[in-house]
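These notes are about the structure you will find just below.
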Amino acid sequence: MDIFLIILQLLFGAVGLHFGAEWLVSGSSRLALSYGVKPLIIGLTLVAFGTSAPELTVSMAGALQNASDLSVGNVIGSNIANIGLVLGLSATIKPIYIEPKVFKRDLPAMLFAALLIAVLPFIGGPVEQGENVVFMLDRWKGVILLVTICVILFLMFRSARGGDEEDREKLSRRNRAALAGLTLLGFVGLLLGGKLFVDGAVEAAEMLGVPQLVIGLTVLAVGTSLPELATSIVAILRGESAISLGNVVGSNIFNVCMVLGLVSLVAPLAIDARVMKFDMIVMLGFSAGVTALAWHGKKLSRIEGL
């Protein structure tokens with residue numbers, strides 16, 4: 001591909017990400033309040049699921065094209081980027097105060113999902129695949145991941161109500177259809193912008209001869225985390241830190257349980273032993289680290305963000 005077209009893809013992708021995040025945060029936060037749903041729950045579910053759509057698309061495409069390295073590397077790398085880059089940058093811009101339920105339910109759920117994906121592939125032991133040693137994420141393991149996300153969602157929705165009554169009455173008179181349309185438009189902008197940006201980045205990486213696994217763990221992982229990054233930064237700047245935090249925590253849970261669960265149902269995934277020995281450990285470290293930091297200080301300060 002011509003370098004000029006790659007630059008255009010990156011440029012239009014960035015524009016789509018910017019406006020998509022603005023519309024998504026504005027529409028979803030106001031819509032949540034109009035129904036009396038906490039912004040944190042919206043961030044953990046609706047926004048998280050929407051911003052995880054690029055990971056699902058890329059990982060499914062990788063599985064169907066027999067490119068497990070892309071599928072797994074994308075998810076693991078994206079979860080690392082969500083905490084280290086997205087949450088880190090958001091907290092650096094403005095400290096994130098964390099609700100008590102996040103300590104008791106949401107961060108432990110994210111850590112449990114990370115532990116689950118680190119343990120499941122080891123069941124059954126290593127398998128030789130050509131010159132490589134791999135660990136399998138079979139269909140029955142995908143079912144376990146999908147059951148886990150269903151249980152987590154059930155626990156989240158049990159506490160979904162609880163918005164401010166005064167704000168609920170005031171916002172309920174607004175045109176909810178318009179807010180829903182704005183939210184949907186934001187999702188579309190994020191997905192299109194993310195796809196353009198990722199396509200351009202992958203083309204550039206392939207031109208430079210970067211290996212597939214490295215592309216999945218870096219370019220694709222950071223690229224598919226751009227919707228989370230754009231959404232979280234806009235949320236922080238708008239004073240919606242609950243959406244920013246919920247977006248990252250929920251997205252990491254969706255990436256592991258929903259994305260890898262669905263993808264492994266379609267085609268069992270072969271996870272490279274190098275991923276299990278290094279990248280999976282790094283993801284676990286980030287998940288445990290942010291849980292410990294949040295639990296200790298009840299907030300993520302600028303220093304902790306850095």
Residue 272 accessible area, 1.4 Å probe, all protein chains in place, Å² to nearest 10
10 Å²
Expressed in square angstrom to the nearest 10, the accessible area of residue 35 with a 1.4 Å probe stands at 110 Å²
Tell me, what does the Kirkwood hydrodynamic radius of segment 52-145 come to in angstroms if you use every pair of distinct C-alpha atoms?
15.6 Å
Pick from 55, 131, 240: which is most flexible by mean-square fluctuation in a GNM of the chain where alpha carbon atoms under 10 Å apart are linked?
131
Report the residue, chosen from 103, 49, 254, that carries the largest GNM mean-square fluctuation when the chain is represented by alpha-carbon nodes joined by springs under 10 Å.
103
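Expected output is a single nm value to one decimal: the length gained when fully extending between residue 115 and residue 4, i.e. 0.36 nm times separation in residues minus the C-alpha distance. What is it?
Between residue 115 and residue 4, full extension yields an extra 35.7 nm.
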Between residue 210 and residue 93, what is the FRET efficiency for a Förster distance of 41 Å, r being their Cβ-Cβ separation, to the nearest 0.05?
0.85
Take the alpha-carbon positions of segment 1-71, form their convex hull, and give its projected area averaged over all directions (one quarter of the hull surface) in nm².
6.4 nm²
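Determine the relative contact order of segment 45-152: mean sequence separation of Cα pairs under 8 Å and six or more apart, normalised by residue count, in whole percent.
12 percent
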When the chain is modelled as a GNM with alpha-carbon springs shorter than 10 Å, which of 34, 90, 52 fluctuates the most?
34
Find the Cα radius of gyration of segment 223-306, compare it with 2.2 N^0.38 Å by division, and give the number to two decimals.
1.29
Whole percent per 20 Å bin, from 0 to the bin with the longest distance: what is P(r) over all C-alpha pairs of the chain?
35, 57, 8, 0
Taking a probe of 1.4 angstrom, what is the accessible area of residue 30 in Å², to the nearest 10?
80 Å²
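For the chain, what is the accessible area per residue in Å², given a 1.4 Å probe and the full set of protein chains?
44 Å²
Ignoring ligands, DNA and RNA, please state the percent of accessible area on the chain from carbon and sulfur, probe 1.4 Å.
Carbon and sulfur atoms account for 69 percent of the accessible area of the chain.
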So which helices of the chain fit the span-like rule, where a helix is a whole DSSP H run, its Cα atoms reach 24 Å or more along the axis, and its mean Kyte-Doolittle is at least 1.6?
139-158
Estimated 222 nm signal from helices in the chain, with DSSP H stretches of n ≥ 4 weighted -39500 (n - 2.57), rounded to 500:
-21000 deg cm²/dmol
Once you keep just the Cα pairs under 8 angstrom separated by 6 or more residues, what percentage relative contact order results for the chain?
46 percent
Per the Kirkwood formula over distinct C-alpha pairs, the hydrodynamic radius of segment 173-293 in angstrom is 16.8 Å
Expressed to one decimal in nm², the mean projection of the alpha carbon convex hull of segment 195-265 is 5.5 nm²
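The values are calculated or read from the model by the stated rules, or taken from the named source; none is laboratory data. Remember, it's a predicted structure, so these values are computed and weren't measured experimentally. A quick note on method: Cβ atoms are made from the backbone with ideal geometry, for glycine too, and the neighbour counts reach across all protein chains shown. We work out accessible area using only protein heavy atoms, side chains counted, and drop any ligands, DNA or RNA first. Shrake-Rupley method; radii C 1.70, N 1.55, O 1.52, S 1.80 Å.
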